[in-house]
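Asks: This is the structure I want to talk about, given as structure tokens.
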Amino acid sequence: MTTISLRKGNTCLPPEVNRVLYVRNLPFNITSEEMYDIFGKYGVIRQIRMGNTRGTTFVVYEDIYDAKTAVDHLSGFNIANRYLIVLYYQHAKMSKKFDQKKKEDEIACMQEKYGVTTKDK
């Protein structure tokens with residue numbers, strides 16, 4: 001006789017759901033220990049990595065269902081008068097955003113190098 005977990009039994013998750021969460025709008029002085037306390041309530045955490053931008057972090061869960069539960073419960077959660085924005089990490093969208101920023105920086109550098117200016121409307 002096999003045992004089937006009621007939590008995972010035949011549950012179909014949307015395609016964007018994954019184990020990696022991108023969290024925005026965090027208080028700037030929050031510590032990784034506080035992050036483990038808050039996000040650890042929803043499952044085993046593999047890693048918490050503070051983002052390059054202040055107020056952001058990545059939370060990686062061991063289990064995809066724990067990540068989904070965290071998103072469901074912590075989106076809009078108030079910490080130090082800031083409401084958390086908890087999203088599933090989507091590599092394609094994130095890399096496009098960073099690629100766009102890199103291209104804008106390259107254009108600005110070239111404009112400065114060759115003395116080209118753009119007029120604001």
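No value in this document is a laboratory result; all are computed from the given coordinates. Remember, it's a predicted structure, so these values are computed and weren't measured experimentally. Every residue, glycine as well, gets a Cβ built from its backbone with ideal geometry; the counts of neighbours run over all protein chains shown.
Asks: Can you sort 114, 36, 42 from fewest to most other Cβ atoms within 10 Å of each residue's own Cβ?
Replies: 114, 36, 42
Asks: Additional query: Work out, step by step, the length gained on full extension between residue 60 and residue 46: first 0.36 nm times the residue separation, then minus their alpha carbon distance; give nm to one decimal.
Replies: 4.5 nm
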